[in-house]
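The structure appears right after this line, and notes come after that.
Derivation of every value follows stated rules applied to the coordinates shown; laboratory data play no part. Since this is a predicted model, take the numbers as computed values, not measurements. Glycine also receives a Cβ, built like all others from the backbone with ideal geometry; neighbour counts cover every protein chain displayed.
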Amino acid sequence: MKTVSLKIDDSIFGETEKILTRIKKSRNRYINEAIEFYNKVQRKQILEEKLKKESGLVKADSMSVLNDFEKIDYAD
C-alpha cells in the first residue's frame, strides 16, 4: 500500500466524518472505495470518448458499404 497525504475542504471532511460515524467504516476504507468508484467512472468516460472517435473514423466507409448493399439486385 502507498501512503498519500491530501488536503480536503473542511466542508467535505465534516460531511465525510458524519457519514463514517453512521456507516461504521474507517476513513481509509471509505476513501479507497470512493477513489475506486471514481476511477471506474473515469475509465467508462475514456472508453466512451474513444468509441465515439473511432466510430466517426469509420462512419463514411460504413455508409459507403451500406449504399453498395442497397444497390444489389436481389432478384430471384
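List the aspartates and glutamates whose alpha-carbon lies under 18 Å from that of LYS44, not counting same-chain residues fewer than 8 positions away?
Within reach: GLU33, GLU36, GLU54.
Calculate, axis by axis, the spread of Cα positions in segment 32-76 along the three principal axes, and write the results as whole Å, longest axis first.
The Cα atoms of segment 32-76 stretch 64, 22, 5 Å along their principal axes.
Helix 10-23 versus the longest principal axis of the chain: what angle, 0 to 90°, nearest 10, using Cα atoms?
Its long axis makes an angle of about 90 degrees.
Taking 7 Å along the Cα-to-C-beta vector as the label spot, tell me the VAL41-ARG29 distance in nanometres, rounded to one decimal.
My value for the distance between the label points is 2.2 nm.
Hey, rough spin-label estimate for LYS52 and THR3, points 7 angstrom out along Cα→Cβ, what's it come to in nanometres?
Result: 4.2 nm between the two label points.
So for the chain, taking the charge dipole from beta-carbon charges (+1 Lys/Arg, -1 Asp/Glu), which of ASN39, PHE13, VAL65 sits furthest toward the positive end?
So the residue furthest toward the plus end is PHE13.
Which angle between 0 and 90 degrees, to the nearest 10, do you get for helix 27-71 versus the longest principal axis of the chain when only C-alpha atoms count?
Computed tilt is about 10 degrees.
Over the chain, what number does the Rg to Rh ratio reach, with both radii from the alpha-carbon atoms and Rh per Kirkwood?
1.44
Treating only the Cβ of Lys, Arg, Asp and Glu as charged (+1, +1, -1, -1), what charge dipole size does the chain show about its Cα centre? Round to the nearest 20 debye.
920
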